Amino acid sequence: MTIHADETLQPEPLERLEFDAQTLMVEHPPVWRHPNKQAVFDIACRPRESPGGRLTYTRWAAMSLPDRVELPSAAGIVVARDGYFDYLPTPEATAGIEWHVNFADPHLFVAYGSSLFAQDEMQVAEHPALGSLREALDAEGRRAVTVAGGEPTPVLVMGVERRCRIVTNPDAAEGRPDGLYGNDFARATVDAVARATTRIEPPTVTNVVAMAAPPGGRGRYRAEEIESVLVTAMTGFRAAVIESGRQHGSRVPVVVHTGFWGCGAFGGNRVLMAMLQVIAAQMAGLDRLVFHVGSAGGRSPLAESLRVLGEDLGHPAELATGDLIARIDAAGFEWGVSDGN
């Protein structure tokens, strides 16, 4: 069953807050606890300079999965893209609204100012107003969380400026022989980090879906874990559809950019986590799911996830969601291992 953005009965967020970005940055400046993060910020925002525009923050309760799902149409919305997030618009969605997943911790942007530099922290470094948002939520005594009471509560941030880009690939000549991703960021010199950072003028604007993946496991995935991933991703994607429709009209195309969410430090299974996001995207009514595969080897697990979806799970074309979860459980997907970042 495909859900459309113009359905009359729409869930409402648990919280909705609006911020003037400049006021937000002045009243709640981000707190950088590592000199390399400060170096990035000094390039992104010159002295007495703050991001512009308005941010819309929403936090969403877990939504119920549809009773039935049509699998054959799911693979058709997927676009594979080599590399990592570049925040470039998708050519076939020029009139639509695009979102980028933040591979979140249960505590929103919790390590943004630290020496850590995985996907979450890198996104905040390039969009420094996200750090100010975290500080503002804390100052107001709000629950800055993407999981509450064991249930997902994805957070959406609409309209945040991306003020710099940071290259993380290994380049010994530029002082980053092992790259800058993950723990290697803290080992680099301030000068090497500054050389890897380019100010974006004028800044671009990003919409963010922050959702937390399961924090690791061992052996076979349990049916409850599979269902939890589906609920988390479907809720985040569906919220993006609802918010896009709210601000731009119910029939606006909606695109979400993602990747191997939960497959780094948490050791998630790449085939399974890709497949569950594709299913969730179809359930949520997305027009496109742009899947950034990272290195060249990333195309293989994505392709396998689509093969399993179409060949192993796609008959009959429509089936009950509970039966789908049981079939995925029976396939015996196993957890991988953490990449240490």
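The values are calculated or read from the model by the stated rules, or taken from the named source; none is laboratory data. Owing to the predicted nature of the structure, the values given are computational and were not obtained by experimental measurement. FYI the Cβ positions are ideal-geometry reconstructions off the backbone, even for glycines, and counts take in every protein chain you see. Heavy atoms of the whole protein, side chains included, go into the accessibility calculation; ligands, DNA and RNA do not. Shrake-Rupley method; radii C 1.70, N 1.55, O 1.52, S 1.80 Å.
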Quiz item: Tell me, which helices (runs of 4 or more DSSP H) lie completely within the stretch 207-323 with 2 or more residues that are open to solvent by 50 Å² or more (accessible area, probe 1.4 Å) and at negative phi?
Solution: 223-248, 299-307
Practice problem: Would you be able to say whether some residue in the stretch 45-52 is crowded, with 18+ Cβ neighbours inside 10 Å, farther than 14 Å from Pro128 by Cα and hydroxyl-bearing (Ser, Thr, Tyr)? | Solution: no
Exercise. Please indicate, with yes or no, whether at least one residue in the stretch 177-191 is acidic (Asp, Glu), open to solvent by 50 Å² or more (accessible area, probe 1.4 Å), at pLDDT 95 or above and under 27 Å from Pro202 (Cβ atoms).
Key: yes
Self-check item: Subset of the stretch 164-197 [in contact with a Lys or Arg (Cβ under 6 Å, 6 or more places away or on another chain) and touching a residue at least 60 places away in the same chain (Cβ under 8 Å)]
Solution: Cys164, Ala188
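For (1) under 27 Å from Ser244 (Cβ atoms); (2) of a type in the set (Val, Ile, Thr); (3) open to solvent by 70 Å² or more (accessible area, probe 1.4 Å), each residue gets a yes or a no:
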position: Leu137; (1), (2), (3): yes, no, no
position: Arg162; (1), (2), (3): yes, no, no
position: Thr168; (1), (2), (3): no, yes, no
position: Ala173; (1), (2), (3): no, no, yes
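Scan the stretch 304-341 residue by residue and report those that are touching a residue at least 24 places away in the same chain (Cβ under 8 Å) and of a type in the set (A, V, I, L, M). Show your work before the answer.
So in the stretch 304-341, the residues touching a residue at least 24 places away in the same chain (Cβ under 8 Å) come out as 304-306, 308-310, 313-314, 317-321, 324-326, 328-329, 332-341.
Passing the criteria: Leu306, Val308, Leu309, Leu313, Ala317, Leu319, Ala320, Leu324, Ile325, Ala326, Ile328, Val337.
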Exercise. Test each condition in (1) assigned to a strand (DSSP E or B); (2) surrounded by 15 or more Cβ atoms within 10 Å (Cβ to Cβ); (3) at negative phi for Pro202 and report the one that comes out false.
Key: (2)
Exercise. Look at the stretch 53-80 and say how many of its residues are in contact with a strand residue (DSSP E or B) (Cβ under 6 Å, 6 or more places away or on another chain), buried (at least 17 other Cβ atoms within 10 Å of the Cβ) and not in a loop (DSSP other than H, G, I, E, B).
Key: 7
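Which one of Pro106, Pro154 is surrounded by fewer than 18 Cβ atoms within 10 Å (Cβ to Cβ), in contact with a strand residue (DSSP E or B) (Cβ under 6 Å, 6 or more places away or on another chain) and either of a type in the set (Phe, Trp, Tyr) or modelled with pLDDT of 95 or more (or both)?
Pro106
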Exercise. Output the residue which, of all residues in the stretch 28-47 that are out of contact with any Asp or Glu (no Cβ under 9 Å at 6 or more places or on another chain) and part of a helix (DSSP H, G or I), is farthest from Met158 (Cα to Cα).
Key: Pro35
